[in-house]
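The values are calculated or read from the model by the stated rules, or taken from the named source; none is laboratory data. Not measured: the values here are computed from a predicted model. Every residue, glycine among them, receives a Cβ derived from its backbone with ideal geometry; neighbour counts consider all protein chains shown. SASA here: full protein model, heavy atoms, side chains in, ligands and nucleic acids out. Shrake-Rupley method; radii C 1.70, N 1.55, O 1.52, S 1.80 Å.
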Amino acid sequence: EGYVLNEMAMAASQSFVLFLIASHMTVSSTMLVLNKAVLKVIPAPTAVLLAQVGSSALILWLLGKTGTLKVDAFTLPTAKLFFWNALAFMTLLFTNAKALESANVEAVIVFRTLSIFVTAYGDFRLLQAQALNTEAIVSLCMVVFGAIGYVLSDKGFIIKNMFWVFCYGCTNAAYPIVTKMVIRSNDNMTSWGRTYYNNLMTFMIFLPGMFALGEHTTVAGLEDKGDLTVHAITLLVMSCIWGTGISFLGFLCLENVSATTFNVMGNANKMLTLVINSLLWSNHASIEANFCLAFSLVGAGFYGEAKRRQSANSRSLNDLEARAGSESESRPQPSLPSSS
């Protein structure tokens with residue numbers, strides 16, 4: 001009976017993780033579209049990001065104070081820990097921008113995809129994650145080869161400065177590991193609490209950047225011209241709500257999946273975005289390129305199934321070992337003959 005209940009719990013847990021992954025990828029995809037719309041009417045990316053993370057931190061603080069949500073109270077040691085996660089996020093955004101200046105989008109996506117293997121190694125060495133089996137490794141190779149095939153059959157590699165592209169690949173590999181380490185350092189925190197801390201520290205780190213880039217004058221100029229319309233503010237507010245959702249779902253996902261799986265999710269999301277773009281806009285990719293994209297997405301799906309089976313087999317083995325141990329303890333032990 002206990003074994004059956006455990007199997008049911010495992011199935012429920014796997015369904016919950018699949019729901020989290022689907023939710024995060026959906027919100028992430030729509031967030032990309034929403035951010036493009038916001039930046040079209042408010043061309044100040046750092047100011048928009050500050051509005052998103054700042055409003056999120058403020059709302060979560062208020063909801064925590066009123067007891068609506070369980071949000072961890074502010075403490076300096078925890079803030080220092082999340083400072084490194086926010087710094088890693090800032091480095092990721094910066095290297096991404098520099099990489100896009102130094103290469104075409106397709107080449108950047110390929111290097112992002114290659115970072116999966118670095119994350120997998122860091123997952124194993126630093127986070128003591130379970131080593132990938134052959135099925136999972138083959139699935140990751142499908143993701144990478146599909147991405148490379150897409151670029152070669154479409155626009156090819158255009159790289160002006162390899163340094164920034166390489167830096168972005170390394171940063172993309174390290175970011176989920178850093179976040180996972182922060183989560184493990186605060187096991188007793190809630191997901192809302194982690195979202196609050198991460199957004200608050202991101203706001204503090206990016207605030208000087210807005211003034212350094214002169215975006216405060218850009219926003220003031222938009223206000224003077226009357227360009228900050230109700231439409232623009234509505235889009236900004238929607239992006240702030242969406243930003244809170246994606247931050248919360250990101251932490252909730254990383255609590256339940258490995259850093260490698262989170263990296264694969266990000267890459268699959270980018271591939272899916274390319275498919276949608278090729279369907280919506282006039283510059284369609286070739287049949288070969290679309291086939292490679294589909295091959296990469298199938299590889300991501302196979303990876304998820306391989307990890308699910310590997311995790312299920314590992315849990316079943318642990319349960320069998322535990323049952324064998326309990327049965328051996330409950331058996332009557334033979335008594336030794338007493339010496340006269």
- Do any trypsin sites (Lys or Arg not before Pro) in the range 8-97 lie in a loop, going by DSSP, with at most 15 other beta-carbon atoms within 10 Å of their beta carbon, and if so which? 70
- Query: Is any residue of the range 167-200 close enough, with backbone N under 11 Å, to a label point placed 7 angstrom from the Cα of residue 126 along the Cα-Cβ axis, and if so, which?
  - Reply: 171-182
- Message: Leaving ligands and nucleic acids out of the surface, order 16, 83 by accessible area at 1.4 Å, largest first.
- Response: 16, 83
- A correct Karplus calculation of ³J(HN,Hα) over the range 78-88, with 6.51 cos²θ - 1.76 cosθ + 1.60, θ = phi - 60°, whole Hz and x for Gly and Pro, returns 5, 4, 5, 5, 6, 4, 5, 5, 5, 5, 5
- Message: From the P(r) of the range 122-231, could you give the percentage of C-alpha pairs in the tail past 22 Å?
- Response: 65 percent
- Just subtract the alpha-carbon distance of residue 105 and residue 152 from 0.36 nm times their residue separation and send over the number in nm, one decimal. 15.6 nm
- How much length, in nm to one decimal, is gained on full extension between residue 66 and residue 207, taken as 0.36 nm per residue of separation minus their Cα-Cα distance? 48.0 nm
- What accessible surface, in Å², does a 1.4 Å probe find on residue 206, ignoring ligands, DNA and RNA and rounding to the nearest 10? 30 Å²
- Item | Residue pairs, from the table 36/160; 36/80; 180/270; 225/270; 98/180, whose Cα atoms sit over 28 Å apart | 36/80; 225/270
- Task: Could you sort 168-175, 210-217 so that the peptide with the highest average Cβ count within 10 Å comes first and the rest follow in order?
- Result: 168-175, 210-217
- Note on the structure: FRET efficiency (residue 187, residue 286; Cβ distance; R0 35 Å; to 0.05) is 0.10
